[in-house]
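A.B. asks: One structure follows; several queries about it will come next.
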Amino acid sequence: FDKSASVTSCKESNSKIRQYMGIYKESGSALVGLDKKFKRLKDVYVNDDDEERWFDLVDEFNVRLSKIDTLTYQTTLLSQTTVGYDLNGDSKIDGSYTSNPDLVSAKEDIQFALGLLNSIIAILPSN
């Protein structure tokens with residue numbers, strides 16, 4: 001058992017998931033550095049009436065994003081023994097993602113986070 005190869009594989013796989021989500025630093029996605037962007041948007045566009053809701057939504061979004069990151073990392077750590085992931089490095093899924101509870105939870109949290117992001121955007125003025 002080559003532990004170093006497993007660790008490298010896990011790190012690479014987690015990076016790929018984060019890259020797909022747009023939160024990986026090198027992806028150049030609009031989601032990179034989102035905390036600073038949320039702060040700038042709040043300072044410029046969010047009125048006092050919406051401020052508490054804004055903070056609640058942004059906080060919950062950040063919690064979900066962190067949870068997604070953790071779940072995807074756990075998935076890569078378990079990928080050596082769990083069906084539903086690229087177990088042999090050939091870029092093919094070796095089973096259904098539904099067999100991996102972390103992936104199922106991550107998918108649910110991604111969908112929830114998308115709803116939160118839409119709610120955050122809805123607070124901003126349309127012009």
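The values are calculated or read from the model by the stated rules, or taken from the named source; none is laboratory data. Note that the coordinates shown come from a computational prediction; the quantities given were computed from them, not determined experimentally. Cβ sites come from the backbone with ideal geometry, for glycine too, and all protein chains shown count toward neighbours. Note: accessible area is taken over every heavy atom of the protein model, side chains too, but ligands, DNA and RNA are not part of it. Shrake-Rupley method; radii C 1.70, N 1.55, O 1.52, S 1.80 Å.
A.B. asks: I'd like the full set of residues that are open to solvent by 40 Å² or more (accessible area, probe 1.4 Å) and part of a helix (DSSP H, G or I), limited to the range 106-127.
C.D. replies: Hits for the range 106-127 are Lys107, Glu108, Ile110, Gln111, Phe112, Leu114, Asn118, Ile121, Ala122.
A.B. asks: Let me ask you something else. Does Leu103 satisfy the criteria of being over 17 Å from Ala122 (Cα atoms), modelled with pLDDT of 60 or more and either open to solvent by less than 70 Å² (accessible area, probe 1.4 Å) or touching a Leu at 6+ places or on another chain (Cβ under 7 Å) (or both)?
C.D. replies: yes
A.B. asks: For the structure I just gave you, tell me whether Lys67 is touching an Asp or Glu at 6+ places or on another chain (Cβ under 9 Å), at pLDDT below 90, outside any loop (DSSP other than H, G, I, E, B) and open to solvent by 70 Å² or more (accessible area, probe 1.4 Å).
C.D. replies: yes
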